[in-house]
Amino acid sequence: MKIYSADKTPMNIIRILTAVITVILLILCRIFIPFYMLMIILMSIFSAVGIILIFFYFPAMFRNLEFYFGEDTITKKYGVFFKREQTINISSVQYITTGFCRLEGFCFIVLNVYGGTMIIPFLSNRNFKSVVNQLEYTVKRK
């Protein structure tokens, strides 16, 4: 059984994007909301949500994201507040779709199975190639 975890590189990019969006929202509040008290309340809410996402939610999300590749099954464990587990049989995989993989750590694999899909996000390039090779070999073998 091989165990893969999410690559931490995209977390920093997502954190920077969240900080930029938060600053843009704060500037827009300052420019377009004429009521001082409402502006302060909204700016406080946007700041708090941005800080919680950047420093608590995203690190916990990436820390709890794990993938287990066994001989017959693939299991994804994820969740921040509520732990979830999704397991599929490799034999039920119909086809594999690979996603955006130009930046390090933004590699996605979408497994289409009978009755649903499983997304394997945030793999490093090295892990991405080994997982795709293993899955393609298994899917072609059946």
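Check whether at least one residue in the stretch 101-109 is in contact (Cβ under 8 Å) with a residue 12 or more places away in the chain and of a type in the set (K, R), and report yes or no.
The initial filter retains those residues of the stretch 101-109 that are in contact (Cβ under 8 Å) with a residue 12 or more places away in the chain, namely 101, 103-109.
From what is left, the residues that are of a type in the set (K, R) are none.
Scanning the stretch 101-109 turns up no residue that is in contact (Cβ under 8 Å) with a residue 12 or more places away in the chain and of a type in the set (K, R).
Y137 meets each of the listed conditions (1) under 19 Å from I16 (Cα atoms); (2) more than 19 Å from the chain's Cα centre (by Cα); (3) open to solvent by 50 Å² or more (accessible area, probe 1.4 Å) apart from (1). Here L65 passes the criteria (1) at pLDDT below 90; (2) crowded, with 17+ Cβ neighbours inside 10 Å; (3) of a type outside the set (K, R); (4) within 16 Å of K8 (Cα to Cα) except the one numbered (1). Listed by first and then second residue, the pairs linking a residue in the stretch 75-92 that is over 19 Å from V131 (Cα atoms) and assigned to a loop (DSSP other than H, G, I, E, B) to a residue that is open to solvent by less than 30 Å² (accessible area, probe 1.4 Å) and of a type in the set (A, V, I, L, M), with Cβ atoms under 9 Å apart and 6 or more places separating them unless they lie on different chains, are G79/L65; V80/A60; F81/A60. In the set V110, V20, V49, only one residue is modelled with pLDDT of 95 or more, surrounded by 12 or more Cβ atoms within 10 Å (Cβ to Cβ), out of contact with any helix residue (DSSP H, G or I) (no Cβ under 7 Å at 6 or more places or on another chain) and not aromatic (F, W, Y); that residue is V49. Filtering the stretch 1-42 to residues that are small (G, A, S) and assigned to a loop (DSSP other than H, G, I, E, B) leaves only A6.
The values are calculated or read from the model by the stated rules, or taken from the named source; none is laboratory data. Since we're looking at a predicted model, the values are computed, not measured. Ideal geometry is used to build each Cβ from the backbone, glycine not excepted, and the neighbour counts take in all protein chains shown. We work out accessible area using only protein heavy atoms, side chains counted, and drop any ligands, DNA or RNA first. Shrake-Rupley method; radii C 1.70, N 1.55, O 1.52, S 1.80 Å.
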